[in-house]
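Here the structure comes first, spelled out in structure tokens, and everything after it is commentary.
The values are calculated or read from the model by the stated rules, or taken from the named source; none is laboratory data. What you see is a predicted model; the values in this text were computed from it and never measured. Note that we place each Cβ from the backbone using ideal geometry, even for glycine, and neighbour counts take in every protein chain shown.
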Amino acid sequence: MANSDILKICYLLGSLSFIVGLKMLSRPDSAKRGNLFAALGMTVSIAGTILFHENVNHATGEVSRIGNLLFIFGAIAIGTLTGYLSAMRVKMTAMPQMVSLFNGMGGACAALISLVEMNTHHPQEFGLRLIIFLGLMIGTVSFAGSMIAFGKLEEKIKDYGSKVQQVINNLLVFAILGLIIYISQGDSTTDSLIWVVFGASAVYGILFVMPIGGADMPVVISLLNSFTGIAAALGGFMYDNQVMLTGGILVGSAGTILTILMCKAMNRSLWNVVSGAFSASGGSGKSTEGLSISEINVTDAAILCAYSQRVTIVPGYGLAVAQAQHTCHEFEKVLESKGVEVTYAVHPVAGRMPGHMNVLLAEADVPYPKLKEMDEVNPHLPNTDVVIVIGANDVVNPAAETDPGSPIYGMPIIKANTAKNVIVMKRSMGKGYAGIENELFYDKKTRMLFGDAKASLEKLIAELKSV
Amino acid sequence: MILLSEFQGFLTSLDIWDISFILLLAVFLGIEVISNVPAILHTPLMSGANAIHGVVIIGSIIVMGHTEPDNYFALTLGFLAVVLGTLNVVGGFVVTHRMLQMFKKKK
């Protein structure tokens, strides 16, 4: 069998593993095997490329195999070691940043391929040049955007945006696309303009993510994820490489759908997210001046919980930041030993990514059946004695249902305000990620328990044990 | 410059229709595969998809593998591309595995 045929089989297996892997990843019982399966297919595709890839020179019929093997293996070794160690060491709370970082690496890889291809081979055909330049643009935007998203999630970069910048952004996209079409038509004399495309795309990537609020970062990461998929697919076009094509397109389309699903969970349109409307209108919403809050001390909170029949915990990012998921699980176990029925109400966008909170609670060994989704839990809340909101804010804000002027109006929420009692654990009266006031805190049924989530929970456990 | 002539045959040799079929099928497969995903799997799924687009590493291996050993510009950028691509693949799959590992622990 010819090498090219063996390679085609490797790519076929690779493509198959991506499709089946993604499908398995979307079901809880098979997700882990799906991931391993896709990783296996990736290994086969990479090994196949190194062993069997050939370039045939059409003029001389000369066949060239993959060379520079020492460099390639060296690079793979460095990448594997760094990737493995950083992925193993990252804290589960910092997971979204990590995904963003790895996504940026893929984008940069695609951009570099285009740069090298153009500078080494100076192709002449319009189609090929267009693909190379587009790959460079999309890859660079994905890389620069992911780095900004990473910085924002690490809270090292602040939101910055204005109407003027919005206009500049849009002009910049058209300018880059115009330039790409122009230089794609030319011969190699305009090749050096590739650096302009590269620089302008990097600037665009930065400006694109800059105005988008921190709360919308998951959506942005998912969007940039599909961008990188498209950049990989363009690489597949460039080399007529089937596995890059299927893998890239698959991620491109799946990523786009996932992005839209996330927007739907927040009742926003993609355009609304991308234009940064959230952070710009952040200050609006009902004034809470003149309303007062009431506090509760740990002893009273413990007694209230201990004599309840049904307690629902609403975890938010504050719980994750305080690393309190394990303590929370212990609190739940102590309550259960007192005969209290405890469930968790997990909002689809709780944490920093959809499903992030489920990952964190799973890390703390919270039994799977205790995690209830929003739609499942809402009808039971009026019969719930105590809802304990731990470090969550926007996902329990009634303004989403009652105040059409609020920026989160229309977002589905966990209706904590319908329960008999609400205890809100918070560090201070600071606003949530969306930067708006929360009426729930001023509700007559609500008592505030200020302090670090972990410390408060530990005190509650101690109190509960003595009740 | 070995590849120059190959690229001249690019558009004629490349069967644009075959590629269009792959494109079309893959787009719909992607959509089909993602729908009906429970919210709890959104993060692992995004992370898994993130690892899969690391397939771009194959492009970097091809570009690196067919570079003249004295073209230092291409070698340097190619080397960097392979490192970054590997980071994407390995980091992506390992992070996804870690997330899913946590779901597995309890029944």
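Identify all residues within the stretch A:73-86 that are at the interface with chain B (Cβ under 8 Å from one of its Cβ atoms) and either among the polar types (S, T, N, Q) or surrounded by fewer than 24 Cβ atoms within 10 Å (Cβ to Cβ) (or both); write none if there are none. Passing the criteria: A:Gly74, A:Ile76, A:Ile78, A:Thr80, A:Thr82, A:Tyr84, A:Ser86. Would you check if A:Ser142 is within 30 Å of B:Phe103 (Cβ to Cβ), in a helix (DSSP H, G or I) and assigned by TED's automatic domain parsing to the domain that holds A:Asn241? Answer is yes for this residue. Determine whether the stretch A:368-383 contains at least one residue that is within 13 Å of chain B (Cβ to nearest Cβ), of a type in the set (D, E, K, R), under 23 Å from A:Met217 (Cβ atoms) and buried (at least 21 other Cβ atoms within 10 Å of the Cβ). Within the stretch A:368-383, not a single residue is within 13 Å of chain B (Cβ to nearest Cβ), of a type in the set (D, E, K, R), under 23 Å from A:Met217 (Cβ atoms) and buried (at least 21 other Cβ atoms within 10 Å of the Cβ).
Please work out which residue is modelled with the highest pLDDT, limiting yourself to the stretch A:286-338 and to residues that are within 24 Å of A:Pro348 (Cβ to Cβ), assigned to a helix (DSSP H, G or I) and aliphatic (A, V, I, L, M). Looking at the filtered set, the residue picked out is A:Leu319. Evaluate the stretch A:43-52: report whether one residue or more is without any contact (Cβ under 8 Å) to a residue 40 or more places away in the chain, assigned to a helix (DSSP H, G or I), facing another protein chain (nearest Cβ under 7 Å) and at negative phi. The answer is yes; a qualifying residue exists.
Annotation note: Cβ proximity below 9 Å between a residue of the stretch B:56-82 that is more than 7 Å from chain A (Cβ to nearest Cβ) and a residue that is part of a helix (DSSP H, G or I) and at pLDDT below 90 (sequence gap 6+ or interchain) occurs for B:Glu68/A:Thr120. For the stretch A:223-240, a residue qualifies if it is under 19 Å from A:Val44 (Cβ atoms) and modelled with pLDDT of 90 or more, and the qualifying residues are A:Ala232, A:Gly235, A:Gly236.
A quick yes/no check of all residues on (1) surrounded by 14 or more Cβ atoms within 10 Å (Cβ to Cβ); (2) in contact with a Cys (Cβ under 8 Å, 6 or more places away or on another chain); (3) part of a helix (DSSP H, G or I):
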| site | (1), (2), (3) |
| --- | --- |
| A:Ala149 | yes, no, yes |
| A:Ile157 | yes, no, no |
| A:Gln166 | yes, no, yes |
| A:Leu171 | no, no, yes |
| A:Leu177 | yes, no, yes |
| A:Ile180 | yes, no, yes |
| A:Ile183 | yes, no, yes |
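Looking across the stretch A:87-100 at every residue that is facing chain B (nearest Cβ under 8 Å) and without any contact (Cβ under 8 Å) to a residue 60 or more places away in the chain, the one that is farthest from the chain's Cα centre (by Cα) is identified as A:Met88. The residues on offer are A:Val220, A:Val164, A:Val197, and the sole one that is closer than 30 Å to A:Thr43 by Cα, among the aliphatic types (A, V, I, L, M) and out of contact with any Asp or Glu (no Cβ under 8 Å at 6 or more places or on another chain) is A:Val220.
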